[in-house]
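Here's the structure, in structure tokens; my notes come after.
The values are calculated or read from the model by the stated rules, or taken from the named source; none is laboratory data. Being a predicted model, the structure only gives us computed values, none of them experimental. Note that each Cβ is placed from the backbone with ideal geometry, even for glycine, and that neighbours are counted across all protein chains shown.
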Amino acid sequence: MGLITKTIGLTGWGSLAVVGTFVAFTRKSRIENIPPTDYIFNTTLFRRYNPNNSPVTQDICIRRVPLASIKPELLETEGKLAEAFCAGVWSGIGFRYQRRFLEKKWRGPKTADQLWDRPDLAGSSYDVGT
């Protein structure tokens, strides 16, 4: 009986922790629908893959960040803010599993210079062709 009680308690507290973390991280985010007049719905690619003009559900998550909280050096040169965003995404925790999987699969003497390490991803300027 003690094992079942502990399992139920652990499941309950774990679920509460997951929901609390989700709410804490998404509290400033807002989900908005993309209007049907948006450019993406009028492209030839969209029309090719949706020839019957079937209804689609499209939304976007928006999180507004005050300009005062952005580092000034990222705003001086065009593209630096996008580079910092990409570096944060690719070197962050969200792609950790993918990086490990690719490293196990492809890391070797022949491909040592083709896979990027986490510090490389965080500090790259993401030039075209890299």
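Assorted remarks:
- Taking the listed residues E103, E73, the one that is out of contact with any Phe, Trp or Tyr (no Cβ under 7 Å at 6 or more places or on another chain) and at pLDDT 90 or above is E73, with no other qualifying.
- Pair list, Cβ < 6 Å and 6+ apart or interchain, from region 86-114 residues that are within 20 Å of D127 (Cβ to Cβ) to residues that are aliphatic (A, V, I, L, M): A87/A122; W90/L121; S91/L121; S91/A122
- The number of residues in region 86-130 that are among the hydroxyl-bearing types (S, T, Y) and within 12 Å of the chain's Cα centre (by Cα) comes to 1.
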